[in-house]
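Since every read-out is calculated from the coordinates, none of them should be taken as a lab result. Worth saying up front: this structure is predicted, and the values here are computed from it rather than measured. Methodologically, a virtual Cβ is constructed for each residue, glycine included, from the backbone with ideal geometry; neighbour enumeration extends over all protein chains shown.
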Protein chains: 2
Amino acid sequence: MSPDPQPAPTGLTDEELTALDAHWRAANYLSVGQIYLMANPLLTEPLRPEHIKPRLLGHWGTSPGLNLVHTHLNRVIARRALDALCVWGPGHGGPAVLANSWLEGSYTETYPDVTRDAAGMARLFRQFSFPGGVPSHVAPETPGSIHEGGELGYSLAHAYGAAFDHPELLVACVVGDGEAETGPLATSWHSTAFLDPVHDGAVLPILHLNGYKIANPTVLARMDRAELDAFFHGHGHEPLHVEGDDPRAVHRAMAAAMDTALDRIAAIQRAARREGAAERPRWPVIVLRTPKGWTGPAEVDGVPVAGTWRAHQVPLSGVRDNPEHLRQLEQWMRSYRPEELFDERGAPRPVVLGAVPAGNRRLGATPYANGGLLLRELPLPPLERYAVAVDKPGTTLHEPTRVLGDLLRDVMAATADRRDFRLVGPDETASNRLQAVYAASGKAWQERTLPVDEHLDRHGRVMEILSEHTCQGWLEGYLLTGRHGLFSCYEAFVHIVDSMVNQHLKWLRVSRRLPWRAPVASLNYLLTSHVWRQDHNGFSHQDPGFVDHVLNKSPEAVRVYLPPDANTLLAVADHALRSRDYVNVIVAGKQPCFDWLSLEEARVHCARGAGIWDWAGTEVAGREPDVVLACAGDVPTQEVLAASRLLRRHLPDLSVRVVNVVDIARLMPAAEHPHGMSDFDYDGLFTTDKPVVFAYHGYPWLIHRLAYRRTGHPHLHVRGYKEIGTTTTPFDMVVGNDMDRYRLVMDVIDRVPGLAVRAAAVRQHMEDVRLRHHAHIRAHGVDLPEVADWSFGD
Amino acid sequence: MSPDPQPAPTGLTDEELTALDAHWRAANYLSVGQIYLMANPLLTEPLRPEHIKPRLLGHWGTSPGLNLVHTHLNRVIARRALDALCVWGPGHGGPAVLANSWLEGSYTETYPDVTRDAAGMARLFRQFSFPGGVPSHVAPETPGSIHEGGELGYSLAHAYGAAFDHPELLVACVVGDGEAETGPLATSWHSTAFLDPVHDGAVLPILHLNGYKIANPTVLARMDRAELDAFFHGHGHEPLHVEGDDPRAVHRAMAAAMDTALDRIAAIQRAARREGAAERPRWPVIVLRTPKGWTGPAEVDGVPVAGTWRAHQVPLSGVRDNPEHLRQLEQWMRSYRPEELFDERGAPRPVVLGAVPAGNRRLGATPYANGGLLLRELPLPPLERYAVAVDKPGTTLHEPTRVLGDLLRDVMAATADRRDFRLVGPDETASNRLQAVYAASGKAWQERTLPVDEHLDRHGRVMEILSEHTCQGWLEGYLLTGRHGLFSCYEAFVHIVDSMVNQHLKWLRVSRRLPWRAPVASLNYLLTSHVWRQDHNGFSHQDPGFVDHVLNKSPEAVRVYLPPDANTLLAVADHALRSRDYVNVIVAGKQPCFDWLSLEEARVHCARGAGIWDWAGTEVAGREPDVVLACAGDVPTQEVLAASRLLRRHLPDLSVRVVNVVDIARLMPAAEHPHGMSDFDYDGLFTTDKPVVFAYHGYPWLIHRLAYRRTGHPHLHVRGYKEIGTTTTPFDMVVGNDMDRYRLVMDVIDRVPGLAVRAAAVRQHMEDVRLRHHAHIRAHGVDLPEVADWSFGD
């Protein structure tokens, strides 16, 4: 926003007030119309049952409040020439946001068939919540939106994400008092500790206390003002209260609060940007208390509606069949005096549009809500700089995430001026071995610092808060407004954001189909500190199920990678950071891991997604192998390669093929996932009739779920994590879950026809070695060195 | 707790102080010993490398703070004869809680081989974080715990859950300042709005500001005191500050704060219980600010450790190989003066145990932390009272959850005096049609009320807060302390607690194996407002994946039911409410649904879990059917029965078997789930070679994942939700996802050998009807009546 705001008005003129009220009434009228009408939009004739939709859907309760906020945002945006975006937390109030977009013209520009006249108004009304029309919530289809608001809790984190590194931007955020009860929202208030007044824009939260949820009062609405003030002071905010049910008084108070808030924001930014103020500022927040369903029916069938939870959805039901309700609806709609608001053609009259900003400043037209328009290619350095040398597979060790950290450091450095890349994580960047990035950017932090602190930076782009929800919400907001990022997370705890990634994937699924939405950068997860190496933290930290979770979602937008070593991680990360409109899940370890592939080999292997590692097997050219040992994930790969080596030593005649899978969706049929392999390719890798012993990083049945249609599926035997864990050693983890090298050899012996008898002694030997390891672990608390050593004994 | 507390001391005597400090030092000594030592526990000889564990695991940083809290809780519990429980939010501080349990003797009572002498101390040390020993975190294995604390965020909700309906109980809850940044914790502070000072116990939160997380300062620790005070005032709390790094001063301040807090709690309870005070009280909270890793090494290798994030885990690394670190460790441990704390046999000296309470008042021995000991059978009324009459299947309609609501009302009424049943939900009890319960109990609410409010009740046992996290946390705490409950939730949004149910299932998996842990009531989910009937709210509200999520977890503790109608819902709910140590997931609709089974039939069917509905098919006795139409879930059942009826009309010669599955785990192999069917039973139901067209409530691949080992699997064709949705009509939802009756008939025609040609006209007719429905929906916005009508046209 402008560092030099216009001086605040001492008050609204009557003319301004009239215009604001006209706009608000128009938006309210259009909101009601969308919920109820399929014809007669301007009430040019008395309402008849056939004008009413047969099925009444939508949420009226929050709409007048959202309309009030939109009306007043228009005013300050136009007056102060702001770049602004609004996140509508009560996204179920879809009618309100659609109404405003239609009024300002951005709706018609986006959807030319919904013209700004009577015919277009009829279409706007009819399409709402109608099959083949538009959803009842704010959604990707809604111009100006980056936030659905169906599942509550994420509005404020989205708003902060949008504001980061957009110093010129004002992000208003309406927080419903229902949403304010959710955990993710509750902790988002702490985002003030991370917002840089120099390089970030401003967030103006507007807590809308309309008093009720679906069926209950809200906690925050029943606090007294002193408690609310304390609540906001305790979150680094300065509250401004707007309260009432008299529209003209509320307009005056709201305009004054908006001006005060924006003046303060401008002063804060000026102090930080020009005067170098380094204190965490006290950002304003507006607390707006207006009745739920304000201006709607006060009573219906003898019970109070406006101002109560009964106004939440459709205040008047059965309007087609209930003449009294029909009469009430008409009276209600006419109370807005539509003839003053719309001309005879149905277009908004000039008075209605008096305070509406122009062009891209309109909230429905802002490019910040269509972030792909602002997106620039991420400057990714050549991977050769970071690649580890691999002369011979399995002879050197690297920590893959540490290698990736070097790449991320240079991405961070290359975006130092552009500021369009952030790394988020719940206090785990260093734990996940990515700390090289601190050489290029510290950690965002606006609170006090102590001499002992390290890497804290008022202008940092590494974001650490111990809230996976906030990390995810920030990153989503950042990406949807046209930037890049990566979320590094302990694998087990990424389940905390299961529902958020659901919603983001739903958003992507729909927005990918909208031609006017430009592609945004993918949401990239680096899941590390994974199940096999949480031996020290124990059972609660062991859960590989996020992959299963995301693979339930729209395949077009989901990518899952399990790079087995450092160079494959580089190749995969490079690909993910360049991609658009996906959720990329990368599972990679932080512990020392054998290097298997050179960078060049890694690139080829990752591009294929799955392939035979001929150097690791004993396959004889020209004939099918006796058995396929397959693996996906770093620890499974290590165990499979060790098993293969054991087989080579103990059963040298056996023809063993080793297949590594990086891109897990390759296992799916081509018809079900864009990366799915053809049956021809699958059969070529896995054969149609040979036993396949597959060591997989996560729950073994996932592999069956992906591959059940394949011809060779009856011969597929999968080992993986089966929910056995505690605090123990790394090798004890794989033994406990039957995925260790010795067990895999036994699996091969058990499954290759005729081998059980011939190799009985080998099998017994494997069993003995396994027990010896187990006994050693129990006695000494550590693994025998050979299991971490490629040149192990037997 | 006692309504008449002992008078608070004006201060500690020197003798008391000495005893408290001795206990604290002993606990600190034992905490360090667990992390480092495998021999020489009493330092009877100088430390040598072989006394040190080869792998150093554990979290020291939080331990001295936890030890301080435990020491001071001991004092007030003993002095005031309190029934108390403590929830240790920083559960990674396992060594501290174990140390205290060993000191007070409860550890040895639980695990007799860990005696309270030198040999037992050696065992205590060695077993910690050691393979085959005990986990590094507070865990089910830890006496006195109901909370793991590995995944942060749930401590305070657990504490409130434990306090509800335990009027005599004090629940202390240590909240780490890292955990305080999580969303679930942040909103848990609002629990004060729901705690009834009459019928509930007290929660005493102790916010432990030790300043740092793994690698960062914490947000709350860097707030100044005025902001912290505002934060707590804004959450209905009165903060009491304890701060310092001089042990004696902190002991005095902590003892005074504890006394003040408990006096205030007693006064609040007296006012509410004796004087009928009806204002929401301002509950005390203790803010304890002490250094992270307090009393540990100040510096290691030249960098500060105590008081910084470096003290988080193991302050001195590589002690076996680093003589200087070994020296520092010995110096550190001797700084506690173990000879003053333990006698020559290794038992704690009397001075150490001076303030330790006796018997069940000890925190490690409280039955409240082993809730199964307190659990009583839930008084469940006979289902006959609620059953709907079913003369003929599919002729009447009921809303299943509304029928269940009547049962729940009477359970609520039957527990009015015992108060050991609660219903939780995120503002959805009425939306989910369970509002009959309000006749027996209102909704818990301590905030202000207005005349228009309904069913709010200061003593209510229906819990509504718009936070799935809080609902889940409350219920977990309630169940783990020996009571019963049910969580009703929109199906899509239960993913919000994916990670919490993970952790609860992990808890159950371990606690089921501990003979001393008595079984607790199951955690029962009623998932309603489900995917097929969120047509009005749209895509964000449509997600049936929770079933997939829980089925990844330990099968022994997971049960999933999809009752197809009202009576089956009753039968399933009755079973779930009687069960122990499970997570029961019940997916059932709230919309009018055909009644298929009488109560008696429902009971038999649910007991079997899956069965043939011979009245619904056209199977000829004595020969295998031509096709099996299978279904699981209410909407799939309706579509399958409609499809079967269409087949009967259009292809009367076809032998169709209808199978309904209520208990989804029945499809799994018997070896993989306790409810899994034998192959013999499975083949008997589904045949080994006939086409099975299966309409499933959720993602179709789940059925493949469960049934892939079955002989008939290649012939299994599953329809379900495939992530196609928006705001539309109910029938458009099933059409969009290819699960409608017409598509199912087409599937049958496509799959029964030889039928494609013979029934080509029927198939075309189905296609035409489908298109006609689609066109009608798009034109009129509503479904044709026949799809909701059992006696439809075609």
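Using alpha-carbon positions, what is the distance between the centroids of region A:32-61 and region A:371-434, in Å?
Using only Cα atoms, the two centres lie 55 Å from each other.
If amide hydrogens are placed 1.01 Å from N in the peptide plane, which non-local residues have theirs closer than 5 Å to the one on residue B:394?
B:595, B:596
Looking at region B:351-397, which trypsin sites (Lys or Arg not before Pro) are in a loop (DSSP not H, G, I, E or B) and have at most 16 other Cβ atoms within 10 Å? Don't skip to the end; give the middle numbers.
Details: sites: B:361, B:362, B:376, B:385; in loops: B:362, B:376.
Within region B:351-397, the qualifying trypsin sites (Lys or Arg not before Pro) (loop, at most 16 other Cβ atoms within 10 Å) are B:376.
So if the hydrodynamic radius of region B:387-593 is defined as the Kirkwood radius over C-alpha pairs, what does Stokes-Einstein give as its diffusion coefficient at 10 °C and 1.306 mPa s, in µm² per second?
Working: Rh = 17.5 Å.
Rounded to a whole number, D works out at 91 µm²/s.
How big, on average over all directions, is the shadow cast by the Cα convex hull of chain B, in nm²?
Working: hull surface 146.0 nm².
Convex hull of Cα atoms, orientation-averaged projection: 36.5 nm².
Normalised radius of gyration for region B:42-83, please: alpha carbon Rg relative to 2.2 N^0.38 Å, two decimal places. Can you show the working numbers first?
Values: Rg = 16.7 Å, N = 42, 2.2 N^0.38 = 9.1 Å.
That ratio works out to 1.83.
Taking amide H positions as placed 1.01 Å from N in the peptide plane, with prolines and chain starts having none, which residues 5 or more places from residue B:283, or on another chain, fall under 5 Å of its amide H?
Residues meeting the amide H criterion: B:238.
Once both labels are modelled 7 Å past Cα along the beta-carbon direction, what's the residue B:15-residue B:679 spacing in nm?
Each label point lies 7 Å from its Cα, and together they span 7.6 nm.
As a check on your grasp of the helix formula, calculate [θ] at 222 nm for chain A: sum -39500 (n - 2.57) over DSSP H runs of n ≥ 4, divide by the residue count, round to the nearest 500. Walk me through the numbers before you get to the answer.
Numbers: 24 runs with 279 residues, N = 794.
It lands at -11000 deg cm²/dmol.
List, largest first, the extents of the alpha carbons of region A:324-397 along their principal axes, each in whole Å.
Largest to smallest, the principal-axis extents are 83, 35, 18 Å.
Mind giving me the FRET efficiency for residue B:168 and residue A:457? R0 is 56 Å, r the Cβ-Cβ distance, nearest 0.05 is fine. Walk me through the numbers before you get to the answer.
Working: r = 51 Å, r/R0 = 0.91.
Taking R0 as 56 Å, the efficiency between residue B:168 and residue A:457 is 0.65.
Which is the longest run of chain A containing none of the GluC sites (Glu not before Pro) found in DSSP loop states (not H, G, I, E, B) with at most 12 other C-beta atoms within 10 Å?
A:378-794
Return a whole-number percent for the relative contact order of chain A, with Cα pairs under 8 Å and 6 or more residues apart as the contact set.
Numbers: 1747 pairs, mean separation 88.7, N = 794.
Taking the mean separation of contacting Cα pairs over the length of chain A, I get 11 percent.
What residues from region B:134-148 fall in the zone where the backbone N is under 15 Å from a label point 7 Å along the Cα-to-C-beta line of residue B:360?
Hits in region B:134-148 for residue B:360 at 15 Å: B:144.
Average the reciprocal distances over every distinct pair of alpha-carbons in region B:411-511, invert the result, and give the Kirkwood radius in Å. Before the final figure, lay out the partial values.
Values: mean 1/r = 0.0698 Å⁻¹.
Roughly 14.3 Å, rounded to one decimal.
Using θ = phi - 60° and the Karplus form 6.51 cos²θ - 1.76 cosθ + 1.60, what ³J(HN,Hα) does each residue of region B:511-524 get, whole Hz, x for Gly and Pro?
3J(HN,Hα) across region B:511-524, in whole Hz: 5, 4, 8, 9, x, 7, 8, 7, x, 10, 5, 5, 8, 9.
Roughly speaking, what is the centre-to-centre gap between region A:639-655 and region B:466-492 when only Cα atoms are used, to the nearest Å?
51 Å
Output needed: percent of Cα pairs per 10 Å distance bin for region B:275-371, bins running from 0 to the one holding the longest distance.
12, 23, 28, 24, 9, 4, 1
Counting only C-alpha contacts under 8 Å and six or more residues apart, can you give the relative contact order of region B:382-504 as a whole percent? Kindly include the intermediate steps, with their values, before the conclusion.
Values: 170 pairs, mean separation 31.0, N = 123.
In percent, rounded to a whole number, it is 25.
Given the C-alpha centroids of region A:310-348 and region B:178-240, what is the distance between them in whole angstrom?
47 Å
Using +1 on the beta carbon of Lys and Arg, -1 on that of Asp and Glu, and nothing else charged, what's the dipole of chain A about the Cα centre, debye to 20?
Numbers: 79 positive and 96 negative charges, 181 e Å.
Result for chain A is approximately 860 debye, rounded to the nearest 20.
Which shape class applies to region A:694-793: rounded if a/c is under 1.5, otherwise prolate when a/b exceeds b/c and oblate if not, where a ≥ b ≥ c are the square roots of the Cα gyration tensor eigenvalues?
oblate
Residue-wise, which Karplus ³J(HN,Hα) couplings in Hz belong to region A:229-242, taking 6.51 cos²θ - 1.76 cosθ + 1.60, θ = phi - 60°, and x for glycine or proline?
4, 4, 3, 6, 4, x, 10, x, 10, 10, x, 10, 9, 10
Given the Cα atoms of region B:134-283, and with Rh set as the inverse mean 1/r over their pairs in the Kirkwood sense, what is Rg to Rh to two decimals? Mind showing how you got there, number by number?
Details: Rg = 15.9 Å, Rh = 16.5 Å.
Looking at region B:134-283, the ratio lands at 0.97.
Mind giving me the nanometre distance, one decimal, between the label points for residue B:671 and residue B:623, set 7 Å out from Cα along Cα→Cβ?
3.6 nm
Can you sort A:703, A:749, B:496 so the residue with the fewest Cβ neighbours within 10 Å comes first? Numbers along the way, then the final one.
Working: A:703 27, A:749 23, B:496 32.
Neighbour counts put them in this order, fewest first: A:749, A:703, B:496.
Report the gain in length on full extension from residue B:263 to residue B:44: 0.36 nm times residue separation, minus Cα-Cα distance, nm rounded to one decimal. Kindly include the intermediate steps, with their values, before the conclusion.
Numbers: separation 219, 0.36 × 219 = 78.84 nm, distance 4.40 nm.
Extra length available between residue B:263 and residue B:44 comes to 74.4 nm.
Averaging sequence separations of C-alpha pairs under 8 Å and six or more residues apart, then dividing by the length of region B:611-788, give the relative contact order as a whole percent.
Values: 289 pairs, mean separation 36.6, N = 178.
Contact order relative to length: 21 percent.
Every other copy gets compared here: list the nm distances from the residue B:44 label point (7 Å along Cα to Cβ) to its counterparts, shortest first, one decimal.
10.3
³J(HN,Hα) across region A:604-618 via Karplus (A = 6.51, B = -1.76, C = 1.60, θ = phi - 60°), whole Hz, x for Gly/Pro?
With coefficients 6.51, -1.76 and 1.60, one gets 5, 5, 5, 5, 6, x, 7, x, 7, 9, 5, 5, 8, x, 10 Hz.
Report the FRET efficiency, 1/(1 + (r/R0)^6), for residue B:271 and residue B:579, where r is their Cβ-Cβ distance and R0 is 25 Å, rounded to 0.05. List each step's numbers first, then the result.
Values: r = 40 Å, r/R0 = 1.60.
According to the calculation, E is roughly 0.05.
For region A:21-357, what ratio Rg/Rh do Cα atoms give with a Kirkwood hydrodynamic radius? Don't skip to the answer; put the middle values down first.
Working: Rg = 19.6 Å, Rh = 20.1 Å.
In region A:21-357, Rg relative to Rh is 0.97.
Show the residues, 5+ positions off or on another chain, whose built amide H is closer than 5 Å to the amide H of residue B:169.
Under 5 Å from the amide H of residue B:169 lie the amide H atoms of B:201, B:202, each far enough along the sequence or on another chain.
Quick one: Debye curve from the C-alpha atoms of the protein assembly as shown, no solvent, what's log10 I(q)/I(0) at q = 0.07, 0.09 Å⁻¹?
-0.82, -1.41
What distance in nm lies between label points placed 7 Å from Cα along the C-beta direction at residue B:648 and residue A:756?
Here the answer is 4.8 nm between the modelled labels.
What's the FRET efficiency of residue B:709 with residue A:688 using the Cβ-Cβ distance as r and R₀ = 22 Å, to the nearest 0.05? Provide the component values of the computation, followed by the final result.
Numbers: r = 19 Å, r/R0 = 0.84.
About 0.75, to the nearest 0.05.
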